[in-house]
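Here is the structure we will look at.
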Amino acid sequence: MTMSLVVGTTLVDADEVATRTRQGDSELQAFAAALNAGASGGEGNDPNRRASFAAGSVTVAEFQATALLPNATPFQPVGIGKPLTLMLRHAYTGRYGKKDMLLTSAVRDPFTTFGLAPRAINLMPKRIPKKAHIKGPAATESGTELVYYIPALTAQALTLTLDMAFDDFPDDLVDKIAGAITTAGGIPVFGPYSGILLAVGAAVKLLSKLANALVDAHAEFSVSDRLEFQVPDSPIPVAGYRVLSTPSLNHADFNFDLEQGLLHKDTGKPYDGDEPYVVFYVDGSKNDSFKEFTPTAASAAQLSKFLSQKEGSEVALGTITDAFKLFSDVRYRREADRLNKEIVKLPAGSAERKKMEESRDAAIANILEELLKP
């Protein structure tokens, strides 16, 4: 798997950034400081600050304009205690197509999903041609680009997997998934688990043939990325776009454009080769419209063990998911209380105490019920 960060329009090898960060590269540190100051509006904002990479150089202003759209909202820094959004923005099918496409995602968050990685169904467009560029669901389709959201990050690391499968899926299955995603208000549908799709507040039992069509779908393209937020000797991920592909696609040959995807450096034309790729972004902006993602994912990781329904039926899960929200709140409260006991033992102003205070504040921020907050 090859992963590149989009810096301005330049694709920068993620390993290069990680190595230079570990080595305390002064140029990269100054660039990151200016970038964070520009996002927060604080002192030290320098739009002309430049950083050079093996694939090219870029200024802070060019990085902030990565979206290539007028008045684009800048990405916000990510880290422990801050919101985190992972959002799919572009998928290219390469050699695969002439069938229906199933795009799924899974994020392993040890704390919020009990160590499991519930499988989310994001997009299911019909009859996708080969070498197609997909930028979210079409106006006539239902789907969601949301891969992950949490109001305040607590995990030291997350592992993301994105899969693309191509098959002739039954129309009834596509309609069932489309209806569930529409009802969920942009939150992905999770599953299937024992033939059950889990959405916000509801579980849909599929007919056996429909469930089997999903279970049997083999991913022709699968890529993963590990995001490390509090791991020794690993840099905190930079907010912005990331490009994932197999090693067969040499990212150094391309620039990035949000509308067209990868562009050949020599010709400026969009890449139209056989190798697929996906683009997603990492952002620290708060978004209350996504707040149901975490409890729905946590429910999906557990509820499938207990559900028993007739084929084709749908049941409301409001009371059950509320119970899981409450259980999640209690876990976060216990974690906050545990950290408080450790914090008082540490010297005031110490780096270790500050880090532990950030983790405690993140746990508190994820408690939904006000009565359970300290």
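Remarks
- Residue within region 70-91 that is on the phi > 0 side of the Ramachandran plot, modelled with pLDDT under 90 and touching a Gly at 6+ places or on another chain (Cβ under 9 Å) present: no
- Selection of first residues in region 7-27 that are touching a residue at least 40 places away in the same chain (Cβ under 8 Å) and of second residues that are part of a helix (DSSP H, G or I), restricted to Cβ pairs under 6 Å at least 6 apart or on distinct chains, gives the following pairs, ordered by first then second residue: 7/63; 8/62; 8/63; 11/251.
- Evaluation of residue 54 against (1) modelled with pLDDT under 80; (2) among the small types (Gly, Ala, Ser); (3) surrounded by fewer than 22 Cβ atoms within 10 Å (Cβ to Cβ) (one fails), failing number: (1)
- Matching strands (runs of 3 or more DSSP E) fully within region 188-290 where at least 1 residues are under 17 Å from the mean Cα position of the chain (by Cα), modelled with pLDDT of 80 or more and within 24 Å of residue 129 (Cα to Cα): 219-228, 240-245, 277-283
- Selection from region 265-288 of residues that are surrounded by 14 or more Cβ atoms within 10 Å (Cβ to Cβ) and without any contact (Cβ under 8 Å) to a residue 60 or more places away in the chain: 265
- Scanning region 18-37 for residues that are farther than 16 Å from residue 237 by Cβ and touching a helix residue (DSSP H, G or I) at 6+ places or on another chain (Cβ under 7 Å) yields one hit, 34.
Residues checked against (1) farther than 25 Å from residue 231 by Cβ; (2) surrounded by 18 or more Cβ atoms within 10 Å (Cβ to Cβ); (3) at pLDDT 80 or above; (4) of a type in the set (Val, Ile, Thr):
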site: 4; (1), (2), (3), (4): no, yes, yes, no
site: 13; (1), (2), (3), (4): no, no, yes, no
site: 25; (1), (2), (3), (4): no, no, yes, no
site: 30; (1), (2), (3), (4): no, no, yes, no
site: 35; (1), (2), (3), (4): no, yes, no, no
site: 40; (1), (2), (3), (4): no, no, no, no
site: 50; (1), (2), (3), (4): yes, no, yes, no
site: 60; (1), (2), (3), (4): yes, yes, no, yes
site: 63; (1), (2), (3), (4): no, yes, no, no
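- Of all residues in region 237-256, exactly one satisfies the criterion of being in contact with a Pro (Cβ under 8 Å, 6 or more places away or on another chain) and not hydroxyl-bearing (Ser, Thr, Tyr), namely 239.
- Against the conditions (1) touching a Lys or Arg at 6+ places or on another chain (Cβ under 7 Å); (2) at pLDDT 80 or above, residue 108 satisfies every one except (1).
- Test result for residue 182, outside any loop (DSSP other than H, G, I, E, B), modelled with pLDDT under 65 and assigned by TED's automatic domain parsing to the domain that holds residue 294: yes
- Identity of the residue in region 157-177, acidic (Asp, Glu) and not in a helix (DSSP H, G or I), that ends up farthest from residue 101 (Cα to Cα): 163
- Qualifying residues in region 135-150 (those that are modelled with pLDDT of 90 or more and not hydroxyl-bearing (Ser, Thr, Tyr)) - the one surrounded by the most Cβ atoms within 10 Å (Cβ to Cβ): 150
The values are calculated or read from the model by the stated rules, or taken from the named source; none is laboratory data. Owing to the predicted nature of the structure, the values given are computational and were not obtained by experimental measurement. Note that each Cβ is placed from the backbone with ideal geometry, even for glycine, and that neighbours are counted across all protein chains shown.
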